[in-house]
Amino acid sequence: MRSNAQRLQFYLRVNIRDLNAFDEQLHNAFATNPTEYIKVFESAIQTIYRVDYYDENNLEMEPCPKFQLQIHSDENPVMIRDLQSNLVGKLICVPGIITSTSKSNIRARKCVYTCTNCGHEKVVELNFGLARAIAPAICEQQRMPGIGNEKANCPMNSY
Ligand SMILES: [Zn+2]
């Protein structure tokens, strides 16, 4: 991790077999719900880096970077024709040959909407996959009156 960081490559490669050998239950939980576990792992990697390698007193250092978790595996791959709907959102290995590459598309993981009328901020976390960010039609401040202030009167689609 440290040598990666010195080369400004902020990632940590994890062999899924090592994870399985360390804790089989954790491995199974990771494979069934990678969306949540990747966030937890990346946050753990950053914490380890901050505690073990990062020097907060050194003003010449860049702010503590965010790390990417890269999983690699030599498990038996699932054939493309065997992909079923029960595998959606799971961590699987599929065989393939890369025939072309393109620039990766950046997708938001978190959207913050601000109401143009009352300034209420609504945070929406997005899952992986094809989920699109859709702004809520009705201001939530308006839906939850009585938090001290009077009911805001926001129009439709005010975010
Ligand atoms: Zn509002």
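Counted as qualifying within the range 1-106 are the helices (runs of 4 or more DSSP H) with 3 or more residues that are charged (D, E, K, R), namely 34-52.
One line per residue, one yes/no per condition, for (1) free of Cβ contacts under 8 Å to residues at least 24 places away in the same chain; (2) assigned by TED's automatic domain parsing to the domain that holds Ser158; (3) of a type in the set (D, E, K, R):
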position	(1), (2), (3)
Ile80	yes, no, no
Cys93	yes, no, no
Gly96	yes, no, no
Asn117	no, yes, no
Glu121	yes, yes, yes
Asn127	no, yes, no
Ala135	no, yes, no
Ile138	yes, yes, no
Gln141	no, yes, no
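Note on the range 105-114: among residues that are modelled with pLDDT under 85 and more than 22 Å from Asn33 (Cβ to Cβ), the one that is farthest from the ligand (Cβ to nearest atom) is Asn105. Got at least one residue in the range 9-20 being more than 30 Å from Ala135 (Cα to Cα), in contact with a Ser or Thr (Cβ under 8 Å, 6 or more places away or on another chain), surrounded by 10 or more Cβ atoms within 10 Å (Cβ to Cβ) and not basic (Lys, Arg)? Yes, some residue in the range 9-20 is more than 30 Å from Ala135 (Cα to Cα), in contact with a Ser or Thr (Cβ under 8 Å, 6 or more places away or on another chain), surrounded by 10 or more Cβ atoms within 10 Å (Cβ to Cβ) and not basic (Lys, Arg).
Within the option set Gln70, Gln84, being under 19 Å from the mean Cα position of the chain (by Cα), loosely packed, with under 12 Cβ neighbours inside 10 Å and at pLDDT 85 or above holds for one residue only, Gln70.
Yes/no per residue for (1) surrounded by fewer than 11 Cβ atoms within 10 Å (Cβ to Cβ); (2) in contact with a helix residue (DSSP H, G or I) (Cβ under 9 Å, 6 or more places away or on another chain); (3) at pLDDT below 85; (4) of a type in the set (Asp, Glu):
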residue: Glu62; (1), (2), (3), (4): yes, no, yes, yes
residue: Pro65; (1), (2), (3), (4): no, yes, yes, no
residue: Ile98; (1), (2), (3), (4): yes, no, no, no
residue: Thr116; (1), (2), (3), (4): no, no, no, no
residue: Glu121; (1), (2), (3), (4): no, no, no, yes
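Does the range 42-50 contain any residue that is out of contact with any helix residue (DSSP H, G or I) (no Cβ under 8 Å at 6 or more places or on another chain), basic (Lys, Arg) and over 23 Å from Asn86 (Cα atoms)? Yes, that holds for at least one residue.
The values are calculated or read from the model by the stated rules, or taken from the named source; none is laboratory data. Note that this is a predicted model, so its numbers are computed, not measured. Note that we place each Cβ from the backbone using ideal geometry, even for glycine, and neighbour counts take in every protein chain shown.
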